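Visitor: Quick one: the structure is below, questions incoming.
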């Protein structure tokens, strides 16, 4: 199979990964190898981190997703998947490029944010927030304006690099109403999960290959009763650090791997070098109304 590119890594996979760009780098051995095979239902010496994850003393993780499969993730970059018979390919890829990617990042000392990101002013602008906050929808609307998609749902940062954002893939997970609001059909799109009215959309003109600077972070929030909508820059260091900790993807995995100090240092570096904003908006506010304001804020 054709090797693929993910966050600067060469990926060789027994599972087709159409979301990823083709590898066009050197002849290095694969950084990540994805295989299909048997995986035990428990990890010897492993600690239970959550109902779906165990981690042992070497940093190996075992992820078990009901009706999808088991994922054994080793620090060496070897990933073994034991799919359930009823699992759909899209569901296997969903967790491989989501929770498994987050685990690999923590294993390798990278900082994954729960964020989607696009290119504005030659740098990445990330939209960070809990599920359902509109991260992918904002990325889609910017993509429709010609901005390349850098990542969806997991934005990977290497804070030891002058260009810390490692692009992942231009696939966006979008609810039906978001696609309809953007005048895009759902016909022919894969569903995110069985019975879910959410789809995988690959922006055909999107995709970034090399690392790029992080220009700004927008923490997406719902405006509470009595709060005004708007963009506000965070200035208090403790507020920024708290926002970054909350926005870190699978923070409990980093803690389980003993990386709390490194994560704090990464958060502190971002807090000191990258502008962090809150974007408060009403739940039913159309995402497109904020595009001009976000772009103007980034451009200063």
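Visitor: Please find, among 103, 63, the residue that is surrounded by 22 or more Cβ atoms within 10 Å (Cβ to Cβ) and not in a strand (DSSP E or B).
Guide: Details: 63 fails: not in a strand (DSSP E or B).
Answer to the check: 103.
Visitor: Out of (1) within 24 Å of residue 181 (Cβ to Cβ); (2) without any contact (Cβ under 8 Å) to a residue 40 or more places away in the chain; (3) surrounded by fewer than 21 Cβ atoms within 10 Å (Cβ to Cβ), the odd one out for residue 145 is which?
Guide: (2)
Visitor: Another question, then. Pick out the one residue from 25, 109, 45, 57 that is under 19 Å from residue 156 (Cβ atoms), free of Cβ contacts under 8 Å to residues at least 24 places away in the same chain and in a loop (DSSP other than H, G, I, E, B).
Guide: On the way: 109 fails: free of Cβ contacts under 8 Å to residues at least 24 places away in the same chain; 45 fails: under 19 Å from residue 156 (Cβ atoms); 57 fails: under 19 Å from residue 156 (Cβ atoms).
The unique qualifying residue is 25.
Visitor: Also, quick follow-up: Do we find a residue being closer than 21 Å to residue 291 by Cβ, touching a residue at least 12 places away in the same chain (Cβ under 8 Å), in contact with a helix residue (DSSP H, G or I) (Cβ under 6 Å, 6 or more places away or on another chain) and outside any helix (DSSP H, G or I) anywhere in segment 159-166? Full working, then the answer.
Guide: The initial filter retains those residues of segment 159-166 that are closer than 21 Å to residue 291 by Cβ, namely 165.
Filter once more, keeping what is touching a residue at least 12 places away in the same chain (Cβ under 8 Å): 165.
After this cut, where a residue has to be in contact with a helix residue (DSSP H, G or I) (Cβ under 6 Å, 6 or more places away or on another chain) as well, the list is none.
Within segment 159-166, not a single residue is closer than 21 Å to residue 291 by Cβ, touching a residue at least 12 places away in the same chain (Cβ under 8 Å), in contact with a helix residue (DSSP H, G or I) (Cβ under 6 Å, 6 or more places away or on another chain) and outside any helix (DSSP H, G or I).
Visitor: Out of (1) touching a helix residue (DSSP H, G or I) at 6+ places or on another chain (Cβ under 7 Å); (2) part of a loop (DSSP other than H, G, I, E, B), the odd one out for residue 131 is which?
Guide: Single failed check for residue 131: (1).
Visitor: Would you mention how many residues in segment 167-213 are outside any loop (DSSP other than H, G, I, E, B) and either free of Cβ contacts under 8 Å to residues at least 24 places away in the same chain or over 17 Å from residue 147 (Cβ atoms) (or both)? Walk me through it before giving the result.
Guide: Our first condition is that a residue be outside any loop (DSSP other than H, G, I, E, B); within segment 167-213, this holds for 171-181, 190-191, 198-202, 212.
Okay, now just the ones that are also either free of Cβ contacts under 8 Å to residues at least 24 places away in the same chain or over 17 Å from residue 147 (Cβ atoms) (or both), so 173, 175-177, 179-181, 190-191, 198-200.
Residues meeting the conditions: 12.
Visitor: Here is a further query. What number goes with the only condition from (1) over 24 Å from residue 183 (Cβ atoms); (2) within 21 Å of the chain's Cα centre (by Cα); (3) touching a residue at least 12 places away in the same chain (Cβ under 8 Å) that residue 260 does not pass?
Guide: Among (1) over 24 Å from residue 183 (Cβ atoms); (2) within 21 Å of the chain's Cα centre (by Cα); (3) touching a residue at least 12 places away in the same chain (Cβ under 8 Å), residue 260 violates only (3).
Visitor: Another question about this same structure. All but one of (1) outside the structural domain of residue 20 (by TED's automatic domain parsing); (2) touching a strand residue (DSSP E or B) at 6+ places or on another chain (Cβ under 9 Å) hold for residue 131, so report the exception by its number.
Guide: Just one mismatch for residue 131, condition (2).
Visitor: Right, residue 228: surrounded by fewer than 19 Cβ atoms within 10 Å (Cβ to Cβ), in contact with a strand residue (DSSP E or B) (Cβ under 8 Å, 6 or more places away or on another chain) and closer than 28 Å to residue 170 by Cα or not?
Guide: Values: surrounded by fewer than 19 Cβ atoms within 10 Å (Cβ to Cβ): yes; in contact with a strand residue (DSSP E or B) (Cβ under 8 Å, 6 or more places away or on another chain): yes; closer than 28 Å to residue 170 by Cα: no.
No; evaluated as a whole, the condition is false for this residue.
Visitor: Just need a number here: residues in segment 268-300 that are in contact with a helix residue (DSSP H, G or I) (Cβ under 9 Å, 6 or more places away or on another chain), closer than 22 Å to residue 113 by Cβ and assigned to a helix (DSSP H, G or I).
Guide: Result for segment 268-300: 9.
Visitor: Restricting to segment 72-91, name every residue that is crowded, with 23+ Cβ neighbours inside 10 Å and farther than 22 Å from residue 259 by Cα.
Guide: Correct list: 81 only.
Visitor: Also, I was wondering about something else. With respect to residue 83, is the statement that it is over 21 Å from the mean Cα position of the chain (by Cα) and free of Cβ contacts under 8 Å to residues at least 24 places away in the same chain true? Steps first, answer last, please.
Guide: On the way: over 21 Å from the mean Cα position of the chain (by Cα): yes; free of Cβ contacts under 8 Å to residues at least 24 places away in the same chain: no.
So residue 83 does not fit the description; no.
The values are calculated or read from the model by the stated rules, or taken from the named source; none is laboratory data. Keep in mind the model is a prediction, meaning the values are calculated, not measured. Here Cβ is always computed from backbone atoms with ideal geometry, including for glycine, and neighbour counts include all displayed protein chains.
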